[in-house]
Amino acid sequence: MSVPDRGRPRLRPSRLPLRDVLGLGAVGLRARRARVVLSALGIAIGIATMVAVVGLSHSSKADLMARLDRLGTNLLTVEAGEDVRGTPARLPKSAVAMVERIGPVQHATATGDLDVRVRRSDVVPEERTPGVTAQAARTDLLTALNARIGEGVWLDRAGERLPVTVLGSVAADRLGVTAPGERIVMDDVDVVVVGILRPVELVPTLDRVALVGFPAAEKYFRFDGRPTTVFERSPDATVDEVRAVLARTVSPGDPGAVKVSRPSDALAAKAATDRGLTTLMLGLGAVALLVGGVGVANTMVVSVLERRREIGLRRAIGATRNAIRLQFLTESLLLSAFGGAAGAALGTAATFGFASVQNWTAVVPVWSVAAGFAATLFIGVLAGLYPAVRASRLHPAVALNAS
């Protein structure tokens with residue numbers, strides 16, 4: 001009986017260093033560049049969609065938050081609703097003074113609807129109105145709304161008593177008024193335009209309105225002095241407390257006939273709508289990424305079929321099954337990583353480009369790029385696993401004889 005030679009070293013399978021493994025995977029990709037680009041395109045589209053959607057969502061949200069910080073979320077509006085009999089209610093003339101007596105209130109002002117036809121000139125028939133309404137406004141309206149004049153001036157103590165008006169931005173466009181100093185007709189009264197407002201984001205209805213002072217409205221347009229809408233600002237910490245007492249303060253006898261709202265809630269609702277759309281677009285990006293993964297898997301299967309002789313030769317000279325599996329899995333990972341990197345760059349560029357057009361501050365969260373790239377690698381592993389296992393199971397003799 002022979003005794004094994006204990007001094008002879010045991011043979012172990014050779015192992016390729018990481019650099020050589022990456023080199024082998026890259027060689028397979030460089031040999032089929034057109035196919036690699038087309039296969040990586042699906043991955044790139046999916047990642048670009050996901051990165052761009054997340055980036056644009058965060059950029060839009062950042063812009064919205066900046067707007068809310070600028071406009072303030074502490075504005076409340078009070079409007080007349082219906083009384084217990086279902087008939088339209090009216091706010092009292094003293095509504096603004098009553099609101100100002102609430103302790104935390106910092107600003108209170110009002111506007112009142114006018115039953116007036118607004119026309120460009122008296123040669124325009126009365127029935128052909130441009131969709132512009134008229135309202136009476138107090139001189140402190142701009143301060144309460146954080147609104148600004150685009151051209152001209154706002155109503156002052158003298159102007160609020162004269163037949164002059166300040167137009168909203170949309171109203172000026174519809175009337176064809178391009179600069180202060182032009183005249184329009186309100187009913188049968190010639191009125192001089194002294195200013196044009198910039199868009200009022202918190203109260204967009206004012207963009208379609210011709211505003212005159214309370215005294216002028218009473219003198220020229222039969223206004224009874226009752227406000228239609230009261231605007232109030234108070235410190236952020238006290239908004240809910242003020243909101244709880246506004247209706248009873250304005251209408252002590254019938255608080256249910258008064259509607260209290262917060263204009264900034266509309267912008268917050270818009271953000272919630274954007275989140276739903278973002279989720280939908282992320283789902284579409286995930287589908288595109290899945291389709292890209294199928295493309296990568298198909299490319300790797302075809303690559304294994306085309307390179308059977310290479311696989312057989314490597315096995316014949318000592319490559320183990322693990323080495324073959326690692327080679328093709330690395331090739332799949334590199335292919336997916338190439339598509340993921342291209343998609344991340346494309347999505348980031350799209351975010352910055354669109355944000356610059358919209359005058360937003362571009363925001364691309366690092367986690368979105370990292371998560372997209374991680375998803376790419378995961379897809380690469382899944383797509384390359386079956387082709388790699390299939391390649392490792394090829395018998396050397398069969399693979400070398402393949403045509």
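The values are calculated or read from the model by the stated rules, or taken from the named source; none is laboratory data. Fair warning: this is a prediction, and the values are worked out from it, not measured in the lab. For neighbour counting, all protein chains shown are included, and Cβ atoms are generated from backbone atoms with ideal geometry for every residue, glycine included. Note: areas computed on protein heavy atoms with side chains; ligands, DNA, RNA excluded. Shrake-Rupley method; radii C 1.70, N 1.55, O 1.52, S 1.80 Å.
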Exercise for the section: Only residues that are open to solvent by 40 Å² or more (accessible area, probe 1.4 Å) and at pLDDT 90 or above: list them for the range 122-135, please. Expected result: Thr133
Practice task
Looking only at the range 77-99, decide whether some residue is of a type in the set (D, E, K, R) and farther than 30 Å from Ala247 by Cβ.
Solution key: no
Exercise for the section: For the range 146-163, enumerate the residues that are surrounded by fewer than 16 Cβ atoms within 10 Å (Cβ to Cβ) and in a loop (DSSP other than H, G, I, E, B). Expected result: Asn146, Arg148, Val153, Asp156, Arg157, Ala158
Completion exercise
Apart from one, (1) farther than 28 Å from Asp236 by Cβ; (2) in a helix (DSSP H, G or I); (3) hydroxyl-bearing (Ser, Thr, Tyr) all hold for Thr143; the odd one out is (1)
Practice task
Answer with yes or no whether Arg138 is surrounded by 14 or more Cβ atoms within 10 Å (Cβ to Cβ), closer than 12 Å to Val212 by Cα and charged (D, E, K, R).
Solution key: yes
Practice task
Kindly indicate the residue of the range 91-102 that is surrounded by fewer than 16 Cβ atoms within 10 Å (Cβ to Cβ) and in contact (Cβ under 8 Å) with a residue 12 or more places away in the chain and also farthest from Gly168 (Cα to Cα) among those meeting that condition.
Solution key: Arg101
Handout entry: Candidates Val363, Val287, filtered to the one that is in contact with a His (Cβ under 9 Å, 6 or more places away or on another chain) and open to solvent by 20 Å² or more (accessible area, probe 1.4 Å)
Key = Val363
Handout entry: Given (1) in contact with a helix residue (DSSP H, G or I) (Cβ under 7 Å, 6 or more places away or on another chain); (2) modelled with pLDDT of 95 or more, index of the condition Val189 fails
Key = (2)
Handout entry: So Ala216, is it open to solvent by less than 20 Å² (accessible area, probe 1.4 Å), at pLDDT 90 or above and not in a loop (DSSP other than H, G, I, E, B)
Key = yes
Handout entry: Tally of residues being outside any loop (DSSP other than H, G, I, E, B), open to solvent by 60 Å² or more (accessible area, probe 1.4 Å) and modelled with pLDDT under 85 across the range 241-256
Key = 1
Exercise for the section: Run Gly181 past the list (1) assigned to a strand (DSSP E or B); (2) open to solvent by 20 Å² or more (accessible area, probe 1.4 Å) and report the number of the one that doesn't hold. Expected result: (1)
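Taking the range 219-231, which residues are touching a helix residue (DSSP H, G or I) at 6+ places or on another chain (Cβ under 7 Å) and surrounded by 17 or more Cβ atoms within 10 Å (Cβ to Cβ)?
Those that are touching a helix residue (DSSP H, G or I) at 6+ places or on another chain (Cβ under 7 Å) and surrounded by 17 or more Cβ atoms within 10 Å (Cβ to Cβ): Phe223, Pro227, Val230, Phe231.
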Fill in the blank from the handout: Residue set Val166, Val124, Val191; condition part of a loop (DSSP other than H, G, I, E, B) and either at negative phi or touching a strand residue (DSSP E or B) at 6+ places or on another chain (Cβ under 9 Å) (or both); output residue Val124
Practice task
Report, by residue number, each residue of the range 353-368 that is touching a helix residue (DSSP H, G or I) at 6+ places or on another chain (Cβ under 8 Å), in a helix (DSSP H, G or I) and modelled with pLDDT of 85 or more.
Solution key: Phe354, Ala355
Exercise for the section: Restricting attention to the range 197-213, report how many residues are outside any helix (DSSP H, G or I), under 14 Å from Val166 (Cα atoms) and under 29 Å from the mean Cα position of the chain (by Cα). Expected result: 5
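Residue by residue, here is whether (1) under 43 Å from the mean Cα position of the chain (by Cα); (2) open to solvent by 50 Å² or more (accessible area, probe 1.4 Å); (3) at pLDDT 70 or above holds:
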| position | (1), (2), (3) |
| --- | --- |
| Ser14 | no, yes, no |
| Gly28 | yes, no, no |
| Leu41 | yes, yes, yes |
| Ala52 | yes, no, yes |
| His58 | yes, yes, yes |
| Lys61 | yes, yes, yes |
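Considering only residues of the range 107-121 that are assigned to a loop (DSSP other than H, G, I, E, B) and at pLDDT 90 or above, which is surrounded by the most Cβ atoms within 10 Å (Cβ to Cβ)?
Val116
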Fill in the blank from the handout: Given (1) open to solvent by less than 40 Å² (accessible area, probe 1.4 Å); (2) touching a residue at least 40 places away in the same chain (Cβ under 8 Å); (3) under 13 Å from Arg208 (Cα atoms), Ala172 misses just (2)
